[in-house]
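The values are calculated or read from the model by the stated rules, or taken from the named source; none is laboratory data. As the structure is a prediction and not an experimental result, all values here were calculated from the model. For neighbour counting, all protein chains shown are included, and Cβ atoms are generated from backbone atoms with ideal geometry for every residue, glycine included.
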Amino acid sequence: MVRTPLPLIEKNSLIQLQMVLPRVLARQVTQAQMMSVCALFRRMGISQLFLSGLPDGFFEELSRSARAFLFFLQGTDDAAKTTSRSEPYFDAIACGDTEAEREIAQHSRATWSPGEEYEDDFLYVRILMEHFTLAASPDRLDAAMRRYERLPTTGDDVRLALCQALVTADAQRFEEGLGLLLEVRTRELRKRLEAERLSPDDATTTAHLSVEVLALLRLAERAGLPTEMHYPLAPSVARRLDRARLPPPASWQQRITSIQGTADAPRQEP
């Protein structure tokens, strides 16, 4: 399968952001389109991580993804939101942007959207939001967990075990659940790569690093659970939050001019 060289991914993503960010700022995008916008920030961050071996730029781009998504949520009616599509919530957790994490959870739709998302997908994200970010009451959390456990699809859903482990702070169950999730994610990625159903930019970036897995490890640590140093799809360097220097909240909007500034800059004579 064709893979985009890492040095080209940031340029490709910036060009695409230049085209789409005016529509984001005008609040003329759907949530599905917004997820594609956030994916551009994520790809740039991963490419910077892989090129430099340092997580500084990676954390910055994850924060920009989270802040851009928060802007979308703040200007969108709940009827047009689907909480299961909240990958930037994981971005905020993975980069340690606790303010964006809290605001995303508060502005996300609190109810399932039938016809737009699967209920188990909704409950997986919503339970994490309520337990770790919104400090929901035990009764509310228990009701959500029981609802998740009673779904007919939960037999094959490895995320349920992860939610149960995180809520009850069960270290062994978390490791088992995470291992199964990693197996599933790795198998899915392999199939998509073999079938050439993954974009060339993702084949070089998100196929090798999962922000969702990084976020789950962060939540496990917040729950007091021990974690290993190395996991598939979650390189240890991407967990170095001691290097996180988050950009200003509105810096994601400046990406609309960064590629223009590069193009307009005078050429240096040799």
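Summary table below
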read-out	value
Scan of region 118-159 for residues that are of a type in the set (A, V, I, L, M), within 20 Å of Ser86 (Cβ to Cβ) and either at pLDDT 95 or above or over 20 Å from the mean Cα position of the chain (by Cα) (or both), ordered by number	Leu123, Val125, Ile127, Leu128, Met129, Leu134, Ala135, Ala136, Leu141, Ala144, Met145, Leu151
Subset tally (residues that are modelled with pLDDT under 95, surrounded by fewer than 11 Cβ atoms within 10 Å (Cβ to Cβ) and not hydrophobic (A, V, I, L, M, F, W, C)) for region 211-244	3
Long-range neighbours under 7 Å by Cβ, at least six apart or interchain, first residue of a type outside the set (A, V, I, L, M) within region 10-30, second outside any helix (DSSP H, G or I)	Asn12/Thr4; Arg23/Val29; Arg27/Gly75
Residues of region 201-241 that turn out to be of a type in the set (Val, Ile, Thr) and in a helix (DSSP H, G or I), as a count	4
Tally, over region 1-13, of residues that are touching a Leu at 6+ places or on another chain (Cβ under 8 Å) and part of a helix (DSSP H, G or I)	3
Residues that are in contact with a Cys (Cβ under 7 Å, 6 or more places away or on another chain) and under 15 Å from Ser236 (Cβ atoms), drawn from region 38-71	Phe59
Filter pass, Leu246 being aliphatic (A, V, I, L, M) and not in a loop (DSSP other than H, G, I, E, B)	no
Output for region 38-48, where each listed residue is in contact with a Gly (Cβ under 7 Å, 6 or more places away or on another chain) and surrounded by fewer than 24 Cβ atoms within 10 Å (Cβ to Cβ)	Gln48
